[in-house]
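Undergrad: The structure's right below; bear with me while I get my questions together.
The values are calculated or read from the model by the stated rules, or taken from the named source; none is laboratory data. Owing to the predicted nature of the structure, the values given are computational and were not obtained by experimental measurement. Here the Cβ is made from the backbone with ideal geometry for all residues, glycine too, and neighbour counts use every protein chain on show.
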Amino acid sequence: MFFQDVEAADWAIMGRNTHLAADKPNRRRIVFSSQISGWQRPTQLWLDPSDTTPHALADLISGVHRLNAGLILGGTRVHDWFLEHRAIDAVHLTIEPVAFGDGLPVFSAQTSQDPIEVFQLAGFEVQSKVSLNKASTRNQEMVPSGEDKRPGKRRCDWRRAAKFGKIGSCHSTIGRKCQTLNQRPNRRSNTMKRILILALLAATPASAFIADNKLVVRDTGGGSFEVAYRGLSGARQFWCAAGEYVIRELGQPVTTKIYRTSSPPRRAGNGISFSLSPEGAKGTGLLVWGTPKGISASFARSLCDLDYIKLD
């Protein structure tokens with residue numbers, strides 16, 4: 001779902017660190033920075049967010065590509081800026097059953113570690129829930145409920161204000177009234193959808209291993225393990241994670257044979273099971289010479305870099 005949102009967006013909006021962590025020269029991006037401003041590439045505009053508003057973004061980049069759907073990719077201060085302007089139209093929240101360290105807060109002033117509660121306190125409600133696989137990865141779409149419940153915030157029905165060409169703003173000072181900020185009429189702004197995309201992570205068993213391609217590997221005992229499903233993954237990606245797990249996590253020689261124990265083709269939403277034992281081995285699901293039931297860890301790891309045909 002994340003990749004579908006990325007492909008569907010007209011522009012992605014993010015902070016400098018998020019941009020530099022995954023620099024994509026050909027992507028249309030608006031990068032928030034207090035130190036750099038202007039067009040750094042033909043499709044990448046850097047700016048200081050304190051000098052503009054969400055509605056003004058559409059005008060700034062209209063000469064390059066129209067902004068109908070904007071993807072808010074973080075980090076925390078970028079989320080804060082859009083929240084304070086009440087300019088998040090939808091939240092696509094993916095919760096993985098694995099933790100990558102301590103993580104980062106969604107908002108700088110959040111008082112809860114539960115991702116659903118964080119957004120509920122910030123004035124969002126769950127609109128839909130989708131289970132992505134048997135490993136408990138799930139996606140939830142949340143939309144503004146019209147009420148900011150964080151400490152120091154007052155009720156602000158910003159959806160009603162937006163209906164009249166305005167954008168609502170709930171101020172942090174206790175006792176101030178909820179006000180609206182008048183905006184110059186702008187057809188593009190009225191149709192622009194800003195989506196906050198987050199992959200939030202829950203607790204994980206100590207046995208979980210995260211491969212470089214972000215697939216999660218879990219030890220299932222007896223020399224067996226499972227690579228969990230994560231959207232848009234084919235057989236090549238699963239074998240890549242399996243090879244990396246055997247070499248890096250288990251410390252086995254690169255010549256160690258890995259066997260697939262779940263039958264191809266893989267069912268949608270399911271992971272793939274592997275073993276170091278040939279017992280119960282199935283086909284690899286890869287297009288390779290011959291019909292081997294097992295491949296070496298080094299060959300599996302090489303699939304991370306080579307564009308082999310994937311059959312799944």
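Undergrad: Which numbered condition trips up Ser37, out of (1) polar (S, T, N, Q); (2) over 22 Å from the mean Cα position of the chain (by Cα); (3) at pLDDT below 90?
TA: (3)
Undergrad: Might you check whether a residue that is free of Cβ contacts under 8 Å to residues at least 12 places away in the same chain, among the charged types (D, E, K, R) and loosely packed, with under 12 Cβ neighbours inside 10 Å occurs anywhere in region 24-36?
TA: no
Undergrad: Condition (residue is in a strand (DSSP E or B), within 12 Å of Phe225 (Cα to Cα), touching a residue at least 24 places away in the same chain (Cβ under 8 Å) and in the same structural domain as Val216 (by TED's automatic domain parsing)) applied to region 275-286: is it met by at least one residue?
TA: yes
Undergrad: Being at pLDDT below 90, of a type in the set (Val, Ile, Thr), in contact with a helix residue (DSSP H, G or I) (Cβ under 9 Å, 6 or more places away or on another chain) and under 22 Å from Val106 (Cα atoms) narrows it down to one of Thr53, Thr18, so name that one.
TA: Thr18
Undergrad: If you don't mind, there's one more thing I want to ask. Closer than 30 Å to Ala211 by Cα, surrounded by fewer than 16 Cβ atoms within 10 Å (Cβ to Cβ) and at pLDDT below 85, is that true of Ala109?
TA: Values: closer than 30 Å to Ala211 by Cα: no; surrounded by fewer than 16 Cβ atoms within 10 Å (Cβ to Cβ): yes; at pLDDT below 85: yes.
When the stated conditions are applied, Ala109 does not pass them.
Undergrad: Quick one: in region 242-274, which of the residues that are part of a helix (DSSP H, G or I) and not acidic (Asp, Glu) is farthest from Ala300 (Cα to Cα)?
TA: Here the residue is Arg248.
Undergrad: Also: So Ala135 clears everything in (1) surrounded by 14 or more Cβ atoms within 10 Å (Cβ to Cβ); (2) farther than 18 Å from Ile72 by Cα; (3) modelled with pLDDT of 85 or more except one condition, right? Which one?
TA: Of (1) surrounded by 14 or more Cβ atoms within 10 Å (Cβ to Cβ); (2) farther than 18 Å from Ile72 by Cα; (3) modelled with pLDDT of 85 or more, only one is false for Ala135: (3).
Undergrad: I'd like to check something: does region 215-236 contain any residue that is polar (S, T, N, Q), under 23 Å from Thr94 (Cα atoms) and either in contact (Cβ under 8 Å) with a residue 24 or more places away in the chain or in a strand (DSSP E or B) (or both)?
TA: No: region 215-236 contains no residue that is polar (S, T, N, Q), under 23 Å from Thr94 (Cα atoms) and either in contact (Cβ under 8 Å) with a residue 24 or more places away in the chain or in a strand (DSSP E or B) (or both).
Undergrad: Step by step: first the residues of region 1-23, then only those that are under 26 Å from Tyr229 (Cβ atoms) and among the polar types (S, T, N, Q), then the one that is surrounded by the fewest Cβ atoms within 10 Å (Cβ to Cβ). Which residue is that?
TA: Ranking the qualifying residues of region 1-23, first place goes to Gln4.
Undergrad: Hey, can you tell me all the residues within region 34-51 that are small (Gly, Ala, Ser) and on the phi < 0 side of the Ramachandran plot?
TA: Within region 34-51, Ser34, Ser37, Ser50 qualify.
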